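The values are calculated or read from the model by the stated rules, or taken from the named source; none is laboratory data. Since we're looking at a predicted model, the values are computed, not measured. Cβ: placed from backbone, ideal geometry, glycine included. Neighbour counts: every protein chain shown.
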Amino acid sequence: MMDKETTLQSISEENKMLKSEINNSGKAREEVAAEVEGAEAAEHEALMKLGIVMEEADKSNKKAARVAEQLEAAQAANLEMEAELRRLKVQSDQWRKAAEAAAAMISTGNNNGRLTERTVSLDNNNYMCSPYAEDMDDDFQRKKNGNMLKKIGVLWKKPQK
């Protein structure tokens with residue numbers, strides 16, 4: 001009987017060990033399941049963060065494209081303004097030269113303190129100039145020079161078309 005008893009005891013111990021292993025494997029399964037669940041939660045969170053980062057990157061790319069377009073438009077406007085500035089500089093140089101020429105004409109038209117004027121006749125396309133103001137006084141000359149300077153000043157202020 002001993003033999004049976006030992007066999008039974010050995011089977012009983014084996015059963016206990018198997019039950020223990022089953023319990024341990026169940027616990028291991030639970031641990032693995034918990035780890036898998038944690039990994040899935042982490043994966044889901046990472047995917048959400050990736051989506052947010054991708055969305056922000058897309059917004060940044062669109063903003064960069066918009067800024068690049070604005071820069072291009074600003075550079076084009078700058079080129080236009082530079083061309084306009086060059087045109088205005090040439091024009092102001094022309095006005096300056098005209099003013100200098102007018103001033104030179106006013107100052108060279110002065111003969112010994114007297115202003116000489118000329119009249120122009122357009123008859124038969126012949127231009128005839130005749131001095132007639134040799135006897136003008138200094139006051140009249142100053143008035144004429146002042147009026148000429150006023151006319152030049154008015155012309156200077158007129159905008160060009």
Unique residue being assigned to a helix (DSSP H, G or I) and surrounded by fewer than 10 Cβ atoms within 10 Å (Cβ to Cβ) when the list is SER20, SER107: SER107
Residue under evaluation ALA68, criteria (1) modelled with pLDDT under 95; (2) within 42 Å of the chain's Cα centre (by Cα), criterion not met: (1)
